[in-house]
Structures are given as structure tokens and as C-alpha cells.
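Input: a single structure, listed below in C-alpha cells.
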Amino acid sequence: MPEHFPTFHAASETQATSFLFRDAKIYDGFSDVLHEGQDVLVQRNLIVAVGHGLEAETAVKVDCTGRTLMPGLIDMHSHLCIQEGMLEGRDTYDQMAMGAMCAHDLMDYLQQGFTTCRDAGGNVLGIAKAVNAGRIPGPRIFACGAFLSQTGGHGDTGCCMDQPGDTDELERHGFAHIVDGRPELLKAARNNLRNGATQLKIMAGGGCASMFDPIHVTQFSLEEMKTAVEVAEDYGTYVMAHAYHDDSINRCLDAGVRCIEHGFLMSEATMKRIAEAGAAISLQAVMSLEAFASPETLSMFTKDQQEKAAAVAAGAKHMMKLVRKHRPLTVSGGDQFGAAQQHRQAENIIALVTLGGFTAAEALRAATGDAAKVLAWSGGMSPYKEGRLGVIAPGAYADLILVEGDVLQDVTCLRREKVKLVLKNGRCYKCTLPGVSVGPSGAK
């Protein structure tokens with residue numbers, strides 16, 4: 001990791017608690033244009049004012065000339081507990097080692113400008129609790145907890161000769177719940193929410209990274225899906241679903257699932273239905289249009305898995321056009337983990353533009369304002385109730401990044417080397433600006 005934290009101490013008084021950003025070009029999370037010459041005042045963990053000519057005598061003054069100030073980025077499909085494939089935490093490392101690697105990745109997310117992530121499944125509920133308690137640094141985490149998967153589904157990491165009743169080592173550690181039928185779904189879904197999940201994730205169809213599920217299959221019956229949705233709604237939250245093709249996506253929509261992950265093999269009729277239902281689609285541009293376009297380079301994949309990846313890549317380009325045409329609520333979810341991808345999370349937003357045909361404003365909304373709309377569906381299960389996320393506005397959380405250049409003219413300004421300052425919850429985790437001190441003495 002090329003950068004380092006300016007400070008990370010348990011005692012918050014070691015760092016400034018007020019920042020005044022001056023003469024910024026602001027991307028606010030929704031607009032198609034930047035707002036020029038704006039000041040933004042942060043006090044403690046919230047934005048308290050946005051406007052011209054703001055003053056705050058004791059605040060750290062940050063000159064934003066030539067730079068864009070924008071909300072911290074939101075990754076809507078992370079897998080913090082996965083490194084080099086789903087099985088590494090069973091076959092190569094124990095959970096202590098996987099947790100240590102996760103902690104490194106959490107710090108790296110912040111260095112890249114990502115202040116929030118929605119973890120799309122795995123045993124990260126304890127990690128999320130520790131981050132929220134200030135025990136370890138990291139982005140805000142909206143965690144699903146264990147994947148909810150049927151036997152032989154996308155979350156089934158068991159061995160090929162497992163028998164009914166056998167429990168895989170990863171399942172024992174909360175990586176997934178392998179469940180069949182309404183009673184098992186009820187218990188597992190309630191257990192996830194009991195332990196701090198902010199939403200639920202079901203595996204509704206085949207996938208590329210798993211061993212036992214051809215990509216064409218539909219997983220979970222309608223009754224099983226409705227059970228997960230019922231539990232989520234009882235808790236005031238929602239269900240997201242791994243699904244690629246029409247059959248699985250339409251069954252999800254029939255059941256009340258609100259966010260579809262991937263969807264790269266769907267038809268136009270199904271895309272139109274998603275938009276009309278007010279559901280969301282989470283896009284993985286790097287993995288579908290770049291990595292899966294050359295599946296032979298994915299060394300962690302078997303030949304069968306590489307063939308599934310090639311099928312996804314073939315459908316993804318057309319699917320992106322359908323998103324642009326029908327405009328469902330769209331969010332950016334990287335699904336990028338391991339040594340090849342973890343350090344380049346912003347590339348998913350960039351690839352929506354360079355490979356997916358999105359405008360820069362559309363791609364940025366998918367990783368800021370629109371992403372926060374979906375996060376808000378977690379309702380009372382969200383631990384973040386004090387301010388808004390994904391926007392620059394009074395009363396919003398002070399999750400901010402300052403990048404070199406005009407991000408609407410050049411979306412590559414999001415790359416880590418151009419991210420000069422990162423605030424999360426009003427606390428500075430990265431500052432490479434000359435002449436700016438985030439210590440108690442303020443700026444020079």
C-alpha cells in the first residue's frame with residue numbers, strides 16, 4: 001500500500017474536528033454539472049454548511065483550487081472476507097489470517113476514497129461491528145452476513161461427496177447458510193439479522209465462482225424467496241439477490257426482491273420490468289467487461305468456471321445498453337477482490353464509462369447518490385442514522401474525497417493517485433496535500 005494514514009488513534013482529540021474546504025468544484029452526488037467556487041464546512045462528523053464565503057476560525061483550511069470535492073465513494077458489491085477465491089479461507093488459511101487480510105483491505109478501501117461498502121455476503125458481521133465501534137479503521141459497512149444458498153447453490157462451498165446434513169468448514173464460520181425449505185430459510189435469515197446484518201442476500205441462480213451450479217439454473221423456490229423477503233420486511237429492510245438470467249430474476253421480482261446483482265444474461269423485457277418495479281440493478285463492469293472477457297487469465301477458476309465467465313462477458317455489453325435504455329435505479333458494485341483487483345476499486349466506476357457507455361455523471365451517481373438511495377432501504381437496520389450518505393449537503397455525513405481535476409470531464413480522476421484527501425465521518429484517513437496538517441494545530 002503506497003500511502004499511509006496521517007494518524008489513527010483511539011482518542012479523537014489527536015486530530016482536527018473541523019474542516020473548511022474553500023473554492024471547491026463540488027460534485028454533490030446527483031448533478032450533471034459541478035458547482036463551482038463553493039465552500040464546505042465540516043464540524044465533527046457532519047457537513048454543516050455549503051455556500052460562498054464561509055468562515056470558521058479554528059477549522060483546518062483546505063484550498064480546493066483545481067480539484068473536485070465529492071462524496072466518498074460507495075462500493076455496492078464487496079466481499080471483504082474473500083481473497084483469492086471462495087475456498088481460500090477453508091483450504092489455505094484459517095479465519096484469523098483471513099481477518100488480518102481483511103483488515104488490510106479495509107484500510108486500502110479508505111486510501112482509494114471508498115468510505116462505504118455494502119458487503120454482498122460472507123462472515124463479516126464481526127468486522128462491521130468492530131469498524132462501527134472504532135476498534136479498527138475501515139469504511140462504513142452494510143453487511144449481508146452469511147450468503148443464503150440452497151444445497152448445490154452459488155454459496156455451497158462443500159466438498160463434492162458431501163451428504164445431506166454435512167456442514168462445510170466455511171459454513172461453520174458464517175460464510176454461508178446452506179438452507180432448503182421455509183423453516184431453514186426463516187431460521188438462517190433471522191440469525192443474520194440478529195447478528196447485525198443490514199440486509200439479506202440470497203443466491204437465486206448459478207454463478208461463475210462456484211463449483212456445483214451451472215449458470216443456467218434457477219435457485220430457491222418462489223416460496224423460499226418469499227420467506228427471505230418476509231423476514232427482511234419484518235425487520236424493515238430488503239433482500240438483494242445474485243441472479244444472471246430471466247428465470248431467476250423474474251422469480252426474484254415475483255417474491256419482492258429489491259436489488260438484482262449482476263443480471264448480465266437478462267432480456268430486454270426483464271430489464272424493463274426491473275425499472276417499472278422500482279427495483280435496483282448492481283453492475284460489475286470490470287469483472288464482466290474486462291476480467292471475464294479474458295477468462296483464461298483467471299487462474300483461480302477451473303475450465304468450467306472460465307467457460308461460465310465467458311458466457312457472462314458475451315452478454316454484459318448488450319445488457320449495459322439495456323440499462324442505459326430503460327434506466328432502472330443503478331448502482332456500482334465492484335465484486336473485486338484478491339491481489340489482482342482489490343487495489344483498483346475505482347476502475348469499476350471508470351469502466352462503466354469507458355466500456356459500458358455511461359456518462360461520467362451517470363457512473364458517479366451509481367457510486368454516490370443513487371447507491372445511498374439503496375442503502376437507505378435498510379431502514380432501522382442501518383447503524384448510520386445521524387446523517388445522509390452519498391451527498392454533499394448540510395446534515396450529511398462528512399464522508400468526502402478531494403480529487404485532482406474535473407471528475408465529470410475525466411472520470412479517471414477517481415484513481416487512487418489522484419485522490420488527495422479522504423474524510424470518513426469527519427476523520428481524515430488520507431491527506432497528501434502540501435501545507436495541510438490534520439493534527440490538533442490545524443493547517444498552516
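A short reminder: the numbers here are calculations on the coordinates, not readings from a lab. Worth saying up front: this structure is predicted, and the values here are computed from it rather than measured. Every residue, glycine among them, receives a Cβ derived from its backbone with ideal geometry; neighbour counts consider all protein chains shown.
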If the cut-off is a Cα-Cα distance under 21 Å, which lysines reach Lys129, setting aside same-chain residues fewer than 8 apart in sequence? Lys201, Lys385, Lys424
Mind scanning Lys321/Lys418; Lys187/Lys373; Lys61/Lys420; Lys317/Lys420; Lys373/Lys420 and naming the pairs with a C-alpha gap bigger than 23 Å? Lys321/Lys418; Lys187/Lys373; Lys317/Lys420; Lys373/Lys420
Among DSSP bridges having both ends in the chain, what percentage is antiparallel? Round to the nearest 5. 45
Cα lying deepest toward the dipole's positive end in the chain, options Ile274, Gly134, Gly196, charges on Cβ: Gly134
Could you tell me which residue out of Thr368, Phe147, Met86 lies farthest along the dipole of the stretch 74-381 toward its positive end? Charges go on the beta carbon: Lys and Arg +1, Asp and Glu -1, centred on the Cα centre. Thr368
Quick check on the chain: helices-only [θ] at 222 nm, where DSSP H runs of length 4 and up contribute -39,500 (n - 2.57) each and the sum goes over total residues. Nearest 500, please. -8500 deg cm²/dmol
In the chain, whole DSSP H helices that both stretch 15 Å or further along their axis by alpha carbon positions and average at least -1.0 on the Kyte-Doolittle scale are 95-111, 222-234, 303-326
Computed over the chain, the relative contact order (Cα-Cα under 8 Å, seq sep at least six) in percent reads 22
Is there a quick way to get the dipole size of the chain? I mean about its Cα centre, with the Cβ of Lys and Arg at +1 and of Asp and Glu at -1; what is the value in debye to the nearest 20? 1100
So who's got an amide H within less than 5 Å of the one on Arg388, skipping anything under 5 residues away but keeping other chains? H placed 1.01 Å off N, in plane. Ala396, Tyr397
How would you order 88-101, 257-270 from highest to lowest mean count of nearby Cβ atoms within 10 Å? 257-270, 88-101
